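I have placed the structure first, in the form of structure tokens, so that the comments after it can refer back to it.
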Amino acid sequence: MVAGNWKMNGDRDSIVSLIEGLGPGVDQLTRCEILVCPPYVYLPLVAELIRSTDIELGAQDLDVRSSGAVTGGVSAAMLRDMGCSHVIVGHSERRTLFGEDDETVAAKFEQALDSNLLPILCVGETLEERRAGATLDVVSRQLDAAIDRVGADRMRTTTVAYEPVWAIGTGESATPQQAEEVHKSLRDRLASIDNVLADAIRILYGGSVTENNAESLFANENVDGALVGGASLKPASFTEICKAADIS
Ligand code: PGA
């Protein structure tokens, strides 16, 4: 899977050009599942633009509550209603800018599953945590919070995205070896709970993925795709990343 996280970027015109730019290149692909995650307000526009393609629609976040007096909130059911199949949960920007902790992220993860939305759980360490040798502890704590909340059985349809915070938007991707080390540890953690789960779940890498490093990242046994920020806003780059995933 290659998922594009557009974050808070774009306007009506640029989004139309972006989707039109993806069309011909990604239409040919047979193996790579492609997802785009626009800002909330553009979900209906993008749903319409991708209607006759295989591209899927995801949201970047959801509210932890299911309905009611929550000014500014958007629920999982609303996202389903607007055509989303997936939702990103626990992105590091949500954790940092909006103070979301593991518990909140786990509750959102559960909300998504309850509404038949497939959550993509983001995990990842900061630079300080990596320097302190805490990377594997941090990512397994973040993963465990979700597993503890929903149980191993319900994890099977979900996706995990390893996104080292120091690699997001910095132009400095994790090396293929660094990514594989963490992905393998996440897979091993899942296998220690349930082998079927470990095989079923996809683990994406995110953090400065471009058309130049995608192939070497995807060559790793435990890297099942990418969550792409900046490069997902450029149709040619995003298409090349999807092509690299399709042949890997
Ligand atoms: P980036 O963002 O590709 O711009 O580093 C990735 C992400 O935050 O999902």
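Here, each number is a calculation from the coordinates, and none is a lab measurement. All values reported here derive from a predicted model rather than from experimental measurement. No Cβ is skipped: glycine too gets one built from the backbone with ideal geometry, and neighbour counts run over all protein chains shown.
Below are the figures for this structure:
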| read-out | value |
| --- | --- |
| Ranked Met155, Met82, Met1, Met8, criterion: other C-beta atoms within 10 Å, fewest first | Met8, Met82, Met1, Met155 |
| The chain: most fluctuating residue of Asp114, Asp224, Asp61 per GNM, C-alpha cutoff 10 Å | Asp114 |
| The chain, helix-only ellipticity at 222 nm - DSSP H runs n ≥ 4, -39,500 (n - 2.57), divided by all residues, nearest 500 | -13500 deg cm²/dmol |
| Potential extension, Asp81-Leu118 segment - 0.36 nm per residue separation minus Cα distance | 11.9 nm |
| Coordinate range along principal axes, alpha carbons of segment 57-197, Å, largest first | 43, 34, 25 |
| Placed amide H near Gly4: partners under 5 Å, 5+ positions off or other chain | Leu35, Val36, Cys37, Val228 |
| In sequence order, calculated HN-Hα J values of segment 10-25 (Karplus, 6.51, -1.76, 1.60; Hz; x Gly/Pro) | x, 9, 3, 5, 5, 6, 4, 5, 4, 5, 4, x, 6, x, x, x |
| For the chain: span of alpha carbons on each principal axis (Å, largest first) | 46, 44, 33 |
| Simple Cβ-charge dipole of the chain, Lys/Arg +1 and Asp/Glu -1, about Cα centre, in debye nearest 20 | 220 debye |
| In sequence order, calculated HN-Hα J values of segment 163-180 (Karplus, 6.51, -1.76, 1.60; Hz; x Gly/Pro) | 10, x, 4, 5, 9, 7, x, 9, x, 10, 6, 4, 6, x, 5, 4, 4, 4 |
| Residue among Gly83, Gly229, Gly68 with the largest mean-square fluctuation in a Gaussian network model of the chain, springs linking Cα atoms under 10 Å | Gly68 |
| Size of segment 138-248 as Cα extents on the principal axes (Å, biggest first) | 39, 28, 23 |
| Reachable lysines, given that their alpha-carbon falls under 16 Å from the alpha-carbon of Lys7 and they are not under 8 places away in the same chain | Lys234 |
| Computed label-point distance, nm, for sites Glu221 and Asp101 using a 7 Å Cα→Cβ extension | 3.8 nm |
| Added length on full extension, which subtracts the Cα-Cα distance from 0.36 nm per residue, Val196 to Ala132 | 19.8 nm |
| Fraction in percent of alpha-carbon pairs per bin - 10 Å, segment 79-123 | 31, 51, 18 |
| Residue with peak Gaussian network fluctuation, the chain [Cα springs, cutoff 10 Å], from Ile120, Ile88, Ile193 | Ile193 |
| Mean separation of Cα contacts under 8 Å (6+ apart) over length of the chain, as relative contact order % | 22 percent |
